[in-house]
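Every number in this text was worked out from the coordinates using simple rules, so none of it is lab data. From a predicted model like this one, the values you see are computed outputs, not experimental measurements. Cβ: placed from backbone, ideal geometry, glycine included. Neighbour counts: every protein chain shown.
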Amino acid sequence: MQEKQEQVEGKLQEIQEKQEHIEGKLQEMQEKLQHVDINLQVPCPVPYTDVGGKCLYFHTATNDTWLNKETLCIGLDGHLLKIDDANLFYDIVNHVKAKEPDTTYFWIGGSDAATEGDWRWTDYTKVKMGTPFWGTYSMKTPQLQEPQGGTRENCICLNKNLMFYFHDYSCNYEFAGICEHNES
């Protein structure tokens, strides 16, 4: 009986040593993997750049109307930008501040030109209203939230002077634009 117990204890000791060896090797592999940078994300096509996980193109070379900017985006296999996520909105504002500091106005893809008061993105989904996207009518009247332009102002613009919140403007104004590449 003593001999059997010693054999079992010997096997147990052998198993514990193998386990410790395997755990050591696992630890080594985990440490090595921490230094490996694997980027499986497909890069954005030219002229787009990744901002907040979206392929965006900030067209600032010339200003143009909302419709002409949308036409430009379509020609680049995209549309004017749809912002329906606060985290994406945050990433876009930070990008603009860092990379486009001289540009004040950017067209994005929302409009109520088809039906007054029914704000839609270019993919026909509803634009989220209120905070955190829409700004106030002006700094002097913070109690009035955009959109406030009625039938005169039917397209959404980000305005650097008004903290980049959504504001409605006449679609005929000429601004820069932000295109979003169509997802495949």
Segment 50-171, dipole about Cα centre (Lys/Arg Cβ +1, Asp/Glu Cβ -1), debye to the nearest 20
260
In nm, give the distance between the simple-model label positions of Ala61 and Glu174, each being 7 Å from the Cα along the Cα-to-Cβ direction.
1.6
Cα gyration tensor category, rounded, prolate or oblate, for segment 41-118 with a/c compared to 1.5:
rounded
Label-point separation in nm, Asn182 to Asp77, each point 7 Å along Cα→Cβ
0.9
How far apart, in nm, are the 7 Å Cα→Cβ label points at Val93 and Thr131?
1.2
Once fully extended, how much extra length lies between Ala114 and Glu20, figured as 0.36 nm per residue of separation less the alpha-carbon to alpha-carbon distance?
26.9 nm
